[in-house]
Amino acid sequence: PGLGAELLARAALPALRGAQAAAVVAWAPGERDALVLGAEARAWVGRRLWSAVEAARQYGGGDDPGLHAERAVWQVSAWFGVAM
C-alpha cells in the first residue's frame, strides 16, 4: 500500500507436479525511490484447493516514517484458496 509502483514485473515458472514458483520486482522512482523484491511458492492441495506462501522485502529512501524509512521492511504471508 502506498508504493504506487511505476514498474512491476512478475515471472512465474510453469506449474510442475502441482507446484509453482514466482518472483516479483516493483520499483517506484522519484521521492521515495522504493524497491520491492519478492518470491512466491504455490502448491495444489487437492480438490481444486491451493495454498501459497509469499515473502517480500521493501527497500526505500527518503525521510518518511514507516514503510519508506531507511530500514528494510519484510512482509511474509501465507494463504489458500479455491480454483474456479
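Of all residues in segment 11-38, how many are aliphatic (A, V, I, L, M) and modelled with pLDDT of 85 or more?
11
Look at residue 41 and say whether it is at pLDDT 85 or above and either touching a Lys or Arg at 6+ places or on another chain (Cβ under 8 Å) or part of a helix (DSSP H, G or I) (or both).
no
Which residue pairs have Cβ atoms closer than 7 Å, lie 6 or more positions apart in sequence or on different chains, and pair a first residue in segment 9-33 that is farther than 21 Å from residue 56 by Cα with a second residue that is open to solvent by 60 Å² or more (accessible area, probe 1.4 Å)?
18/44
Just one of 66, 2 is of a type outside the set (Lys, Arg), loosely packed, with under 10 Cβ neighbours inside 10 Å, in contact with a Gly (Cβ under 9 Å, 6 or more places away or on another chain) and at pLDDT below 70; which is it?
Selected residue: 66, the only one of 66, 2 that is of a type outside the set (Lys, Arg), loosely packed, with under 10 Cβ neighbours inside 10 Å, in contact with a Gly (Cβ under 9 Å, 6 or more places away or on another chain) and at pLDDT below 70.
Condition first: at positive phi, in a strand (DSSP E or B) and modelled with pLDDT of 80 or more. Can you find one or more residues in segment 46-53 that meet it? Break it down stepwise before answering.
Start the filter on segment 46-53 by keeping residues that are at positive phi, which leaves 46-48.
Subset that is in a strand (DSSP E or B): 46.
If we keep only those that are modelled with pLDDT of 80 or more too, we end up with 46.
So far as segment 46-53 goes, yes, one or more of its residues are at positive phi, in a strand (DSSP E or B) and modelled with pLDDT of 80 or more.
The values are calculated or read from the model by the stated rules, or taken from the named source; none is laboratory data. What you are looking at is a predicted structure, and each value in this text was computed from that prediction instead of being measured. Every residue, glycine among them, receives a Cβ derived from its backbone with ideal geometry; neighbour counts consider all protein chains shown. Ligands, DNA and RNA are stripped out before the accessible areas are found, and what is left, the full protein with its side chains, is counted by its heavy atoms. Shrake-Rupley method; radii C 1.70, N 1.55, O 1.52, S 1.80 Å.
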